[in-house]
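Remarks on the structure that follows.
The values are calculated or read from the model by the stated rules, or taken from the named source; none is laboratory data. Just so you know, these numbers come straight off a predicted model, no measurement behind them. Heads up, the Cβs are rebuilt from the backbone with ideal geometry, glycines too, and the neighbour counts pull from every protein chain shown.
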Amino acid sequence: MNTYQKIRLSERKNYIIRFIVLIVILYIARLFYLQIISEEYKVYAQINAFEFLTEYPPRGYIYDRNGKLLVMNESSYDLMVVPKESKGCDTNALCEILEISKDEYIKRMTKLSLPPNSPRKQGVFEKQLSVKTYAALQEKMYRFKGFYVQVRSIRKYPRPIAAHALGYIGEVSKAKAEKDAYYKEGDYIGVSGIEYSYEKYLRGKKGVRIVIKDVHNREVGRFMDGKYDTLAIPGKPLYSSIDAELQEYGEYLMQNKKGSIVAIEPSTGEILCLVSSPTYDPNLLVGGKERNKNFAKLLSDTINVPLLNRATQAMYPPGSTFKLIDALIGQKDGVLFSNTIYPCARGYPPMGGHPKCHPHPPVDLEGSIQYSCNSYYSYVFKSIVENYKMWGNFLNAYQHWRDAVMSFGIGRKLNYDIPYEKPGNVPSIQYYDKVFGKNRWFAGTVISLGIGQAELTAVPIQLANVMCVIANKGYYYIPHIVKGIGNEKYLDSIYKVKHYVYVTEKEYYDRVINGMEKVVEAGTATLAKMKDIKICGKTGTAENPHGKDHALFFAFAPKENPQIAISVIVENSGFGGVWAAPIASLMIEKYLKRKISRPELEKRMVEANLIKANIEYIKSGMPDKKKKEKNRKRTRR
């Protein structure tokens, strides 16, 4: 080999060495980047090595106003699976225990393996196992590779009462999970009642448990002995304003009846009971498969509609109970006085005896309330909306009347802490302009508004709140069903503010209250009378085209220093004094005295099946007189 060849060979060796050195440097640089600088593979390694398991907090307990437990928790078990680890699972035995088909098993596993899920991640295979199913699984769990049981908590109701007030929980939808980072699809969330309104307090805070897995994805221990785990924080307890005994008694009286009872403490706005009938056992909406079956059954009951909260969502014409508001507005506007007397010839004379009225002696203001004179309050309404001296013209006067009525909390939302609130309706000028045409309607056209009929509607809780206004002589607190959150008993300041209505003069309320006392003592609600408790109330009848009319009664007691205001509506039962007033009276006695002194009256209320009676009434074709009244259009001038 000559000198030139030696030089060429030496250069070639140098090139090779340099190339090898360059490759080594590149590998070192890449390893340095991946291991020291880049987080990407570090994350991948952690994902493969660690499993972040959610620790679900127990929901907060709910108590009544006296500390009695209304809602608690009990353990529930979800069957979890990591699809990739399930090879070798005894699927036949698992399907037999869960009572599902092999096709259903494959369908679920496929869903848990596809995005956004992953075959390497745990997913819920079966929610809320029954005790029987859980026990059967535990005996054979070694045969079900990739499966394990996760403990959750579900609601339990020691007393099967207050279903509509307490509400129920359900699964979080995909849409909800995408909007709120706290939730994952399949988590539980409050759907109605207190569970919904106070979800953020009841749900608590989730924790995380980090476990280490080997290359076969098997759990081998806790990461750093749990040093970086976070504990789940239980939800806050809620102290409701509900009186459990009063609530239970109200549901007892309302069995086999449609309607509602709402009782409020006037001095605070705290809701003492919220009865909607027919009701259901809240325990029916707890669990997995059984819960779904029960919900479907309740939802399909279109006759009784047990899931409807009639106390806050049903809207009725207030009937004669509304006359009290007109009496207060009329006095405030200077068109009605204590000695005012209007003629009544079994009906409103200017309109040919419509609205009709029952026989009674000539009456002044207090007597008009005592005997519930329709003609009297037709005149009162007319005098308010034709007060041109004060308001200039009819439309201005009508708008004033509407605003004054709405100040009492009717026709608008009160913003209480029970969800899905309905506002009721006080017809607007725009509505009547659309129905009759501009400048083509006046007092006589809408005269039925004066006696709480026509398009005027109210919600039962609003009527109970009106009673609070009268008991307080001019103001109310926003009704609320929770009086304290957490051990510190926190209450939102909005529930501590007095809301004054249009009429605040105490002398006007005194006259109305005296008339209400006479209603019970010697008027249309004598069945509500008690020896040692002065009840001030007002009966009403709401017209109903689909059967018997609805009976209304609202009241407060005692007359001095009122402690309870109440509204009772019994659908399809006729006059307010026959059913609604006695039920209200029994509820008042139960709350104030904690016992009942009139067992015969109680027995008559409890044993009456008014749902059945109304069905028979409708099947009979209804009396001819009733049918004519239903078909007759409301009289308008």
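Summary table below
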| read-out | value |
| --- | --- |
| Pair list, Cβ < 7 Å and 6+ apart or interchain, from segment 312-341 residues that are under 19 Å from TYR371 (Cα atoms) to residues that are part of a loop (DSSP other than H, G, I, E, B) and of a type in the set (Ser, Thr, Tyr) | SER320/SER372; LYS323/SER372 |
| Some residue of segment 492-499 being among the hydroxyl-bearing types (Ser, Thr, Tyr), in contact with a His (Cβ under 6 Å, 6 or more places away or on another chain) and farther than 18 Å from SER585 by Cα | yes |
| Extreme residue, surrounded by the fewest Cβ atoms within 10 Å (Cβ to Cβ), among residues of segment 147-158 that are of a type in the set (Lys, Arg) and over 21 Å from ASP417 (Cβ atoms) | LYS156 |
| Helices (runs of 4 or more DSSP H) within segment 288-337 that include 2 or more residues outside the structural domain of PRO427 (by TED's automatic domain parsing) and surrounded by fewer than 24 Cβ atoms within 10 Å (Cβ to Cβ) | 289-300 |
| Selection count, segment 59-79, where residues are under 23 Å from LEU129 (Cα atoms) and either crowded, with 18+ Cβ neighbours inside 10 Å or at pLDDT 95 or above (or both) | 9 |
| Residue within segment 105-119 that is under 20 Å from GLU290 (Cβ atoms) and not charged (D, E, K, R) present | no |
| Near pairs, Cβ below 6 angstrom, 6+ apart or cross-chain, from segment 484-507 (outside any strand (DSSP E or B)) to any residue that is aliphatic (A, V, I, L, M) | TYR495/ILE478; VAL501/VAL469; TYR502/ALA404; VAL503/LEU328 |
| Complete set of residues in segment 531-559 that are part of a loop (DSSP other than H, G, I, E, B) and at pLDDT 95 or above | ILE533, LYS534, ILE535, PRO558, LYS559 |
| Qualifying residue in segment 593-609 (condition: surrounded by fewer than 23 Cβ atoms within 10 Å (Cβ to Cβ), over 16 Å from MET467 (Cα atoms) and touching a strand residue (DSSP E or B) at 6+ places or on another chain (Cβ under 7 Å)) | no |
| Residues (crowded, with 19+ Cβ neighbours inside 10 Å, out of contact with any helix residue (DSSP H, G or I) (no Cβ under 6 Å at 6 or more places or on another chain) and part of a helix (DSSP H, G or I)) located in segment 167-198 | GLU195, TYR196, SER197 |
| Qualifying residue in segment 79-88 (condition: assigned by TED's automatic domain parsing to the domain that holds TYR61, within 30 Å of PRO234 (Cα to Cα) and assigned to a helix (DSSP H, G or I)) | no |
| Leading residue by the ranking (modelled with the lowest pLDDT) among those in segment 177-201 that are of a type in the set (A, V, I, L, M, F, W, C) and closer than 26 Å to GLN122 by Cα | ALA177 |
| Single residue of segment 345-364 satisfying the filter (hydrophobic (A, V, I, L, M, F, W, C) and over 16 Å from THR524 (Cβ atoms)) that is modelled with the highest pLDDT | MET351 |
| Selected residue (criterion: nearest to PRO318 (Cα to Cα)) from residues of segment 424-440 that are free of Cβ contacts under 8 Å to residues at least 40 places away in the same chain and polar (S, T, N, Q) | SER428 |
| Output for segment 454-476, where each listed residue is surrounded by fewer than 23 Cβ atoms within 10 Å (Cβ to Cβ) and in contact with a helix residue (DSSP H, G or I) (Cβ under 8 Å, 6 or more places away or on another chain) | ALA454, GLU455, LYS473, GLY474, TYR475 |
| Qualifying positions in segment 245-287 - touching a His at 6+ places or on another chain (Cβ under 7 Å), crowded, with 23+ Cβ neighbours inside 10 Å and part of a strand (DSSP E or B) | ILE271, LEU274, SER276 |
| Checking VAL568 against (1) outside any strand (DSSP E or B); (2) touching a residue at least 60 places away in the same chain (Cβ under 8 Å), the condition it does not meet | (1) |
| Conditions (1) of a type outside the set (A, V, I, L, M, F, W, C); (2) touching a residue at least 40 places away in the same chain (Cβ under 8 Å); (3) surrounded by fewer than 24 Cβ atoms within 10 Å (Cβ to Cβ): number failed by LYS531 | (2) |
| Residue in segment 402-423 that is nearest to HIS354 (Cα to Cα), counting only those that are free of Cβ contacts under 8 Å to residues at least 60 places away in the same chain and of a type in the set (D, E, K, R) | ARG402 |
| Among the residues listed as GLU602, GLU571, GLU616, the single one being over 30 Å from SER378 (Cα atoms), acidic (Asp, Glu) and at pLDDT 90 or above | GLU602 |
| Qualifying position, being at positive phi and either in the same structural domain as GLY60 (by TED's automatic domain parsing) or in contact with a strand residue (DSSP E or B) (Cβ under 9 Å, 6 or more places away or on another chain) (or both), among GLY515, GLY523, GLY452, GLY537 | GLY452 |
